[in-house]
Structure formats: C-alpha cells, structure tokens
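See below for the structure under consideration.
The values are calculated or read from the model by the stated rules, or taken from the named source; none is laboratory data. Predicted model, so just to flag it, every value in this text is computed and none were measured. Here Cβ is always computed from backbone atoms with ideal geometry, including for glycine, and neighbour counts include all displayed protein chains.
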C-alpha cells in the first residue's frame with residue numbers, strides 16, 4: 001500500500017512566496033502518486049502489423065510497437081555453431097507445435113551468433129504462428145503486465161532480451177526471476193523467455209565469493225547462500241547454450257559465406273583471406289559479427 005503523502009507546509013507567518021512554493025511542491029507530489037495509480041492499461045496492438053514487436057515505455061505509458069523490417073538472417077547463414085543451432089531450433093519447433101519447451105539462455109563470446117540465432121528461428125517459424133517481443137533490460141519490471149497482454153492470444157510468443165546482465169539490486173532481476181519460475185500464478189503456455197548474455201550467471205561474480213564457505217567473525221552466518229543467489233536466476237532457464245570464439249578455419253568459412261552472399265566470386269573470396277585475418281587481428285576477435293563487417297567492407301570496395 002502506498003505511503004500517505006505528508007504535506008510539508010510553510011511555517012506560519014512565512015512569506016507568501018514560501019507558502020506558494022510549499023503548495024506547489026505538495027501538488028506535484030500528489031499528481032505523481034495519482035499518475036502511478038491511474039497508469040493506463042496497455043493498448044492492444046495491431047497484431048497483423050508484423051511478426052516482431054518492441055515493448056516501448058513513454059513515462060507511465062507502455063505499448064507494443066511493431067517492427068516493420070526484420071533482419072533477413074536465416075539458419076543457413078549461421079556457421080560454426082551447429083550444435084547450438086540444433087538445440088535452440090529444436091526447442092523452438094517444439095514450442096511452436098504446442099509441445100513442452102524450455103526458456104532459453106544463450107551465453108558466451110560476443111559476436112558469435114547468439115541474437116542472430118533467435119532472429120533466424122523467428123524467420124523460419126513466423127509463418128507457423130511464432131512471434132517475438134523484444135524487451136530492454138530496463139523494462140523487464142513490466143513483464144507481468146506484458147504477460148497479461150499475451151496470455152490470451154493464439155500466437156506463440158518469444159519474449160526476447162538481448163545482451164542481458166544485472167547489477168545487484170536491479171528491479172528487473174526479481175521481475176524476470178518471478179516470471180521464469182517463481183510467481184504464484186501459472187506461466188502462460190504460449191510464452192517463452194529467450195535471453196542472451198556474455199555472463200553465464202547474469203550477475204557480476206567476485207573472487208572473494210570463491211571463499212564464501214569460510215566463516216569469519218564479521219561474515220555472513222550462511223555465506224554459501226551468496227553463491228546460491230548468484231546462480232538462482234540462470235538456473236530458471238531450462239535450456240542453456242554456450243557460444244565460444246571461432247578458430248581460424250571457422251572464421252574463414254564464415255568470411256567465404258558472406259562474401260559469396262554479397263556477390264563476390266569464390267576465387268576473389270579465397271584471395272581475401274589474408275586481409276580478413278588482419279581485419280580480425282585489428283579487432284581482437286574472430287567472430288561472425290567481425291566476419292560480416294569485413295565482408296561488407298570488402299564487397300563494397302570490390303563490386304562494380
């Protein structure tokens with residue numbers, strides 16, 4: 001229950017301007033409380049406007065905004081992650097078919113195809129009723145409201161949060177934890193959570209926590225529970241997929257794929273390998289993202 005608003009009136013005999021300032025301050029606090037109490041319900045979006053939506057906030061107003069143009073990435077475009085692709089695609093296929101499926105956490109090296117894999121699954125299964133809702137980390141606190149909007153729909157929804165990580169005490173952490181597997185209400189069977197992160201446990205981990213089972217006079221009575229809390233969120237995802245940096249051979253195969261997709265002939269792509277390796281060295285990473293960036297640059301320079 002909201003705390004009562006306490007009016008801080010100006011002292012008796014205060015100048016008129018002080019009394020006016022106190023009155024305006026009181027009115028502003030009352031209006032702020034009313035705005036929270038009377039926040040409008042989320043409007044029903046035009047579900048025919050697209051297969052992907054973004055949850056957008058403007059003050060207390062929230063809406064589902066259609067994504068007009070989707071990234072055209074396909075599963076066949078993703079190389080070097082065959083096992084991860086097989087598991088995530090299988091889980092998504094089960095979900096679309098109305099069979100049991102798990103919430104998914106994709107973790108690991110940057111630029112290795114985590115978010116691209118989710119988008120590729122959407123492109124493959126959108127015709128069968130799959131829809132994607134992208135939610136920023138800052139808006140995860142609204143997940144219960146979003147679930148209310150989605151649970152009565154006939155479509156199958158993936159709620160997607162990209163590049164997810166939390167600092168301790170963030171409100172979205174507990175909201176996500178509750179929606180995954182902790183609320184008194186049953187989870188909607190037409191909604192799954194897919195999230196990507198560079199951190200396996202989504203929270204920062206510190207060296208001193210490795211010593212958490214050592215008791216000290218000023219330490220916690222149950223220090224091991226600190227570690228348990230750290231991993232409790234990631235454990236609520238039923239399916240984990242880990243992604244690793246590519247070796248040189250995988251990186252060059254991805255280079256060849258994208259160069260040919262941009263219209264570069266195979267012999268030209270082979271000749272570009274040395275330049276592609278220097279490109280990766282300068283960026284300190286051999287990843288699918290770096291390969292795509294090189295292919296765009298090379299094709300833009302070579303095509304007539």
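Among the residues making up the range 258-289, those that are buried (at least 20 other Cβ atoms within 10 Å of the Cβ) and closer than 13 Å to residue 78 by Cα are 258, 287, 288. Can you tell me which residues in the range 68-97 are surrounded by fewer than 16 Cβ atoms within 10 Å (Cβ to Cβ), out of contact with any strand residue (DSSP E or B) (no Cβ under 8 Å at 6 or more places or on another chain) and outside any helix (DSSP H, G or I)? Residues satisfying the conditions are 68, 69, 71, 72, 74, 97. Inspect the range 55-64 for any residue being at pLDDT 65 or above and assigned to a helix (DSSP H, G or I) and give the result as yes or no. Among the residues of the range 55-64, not one is at pLDDT 65 or above and assigned to a helix (DSSP H, G or I), which makes the answer no. For residue 103, the test of being touching a residue at least 24 places away in the same chain (Cβ under 8 Å) and either more than 24 Å from residue 49 (Cβ to Cβ) or crowded, with 17+ Cβ neighbours inside 10 Å (or both) is passed.
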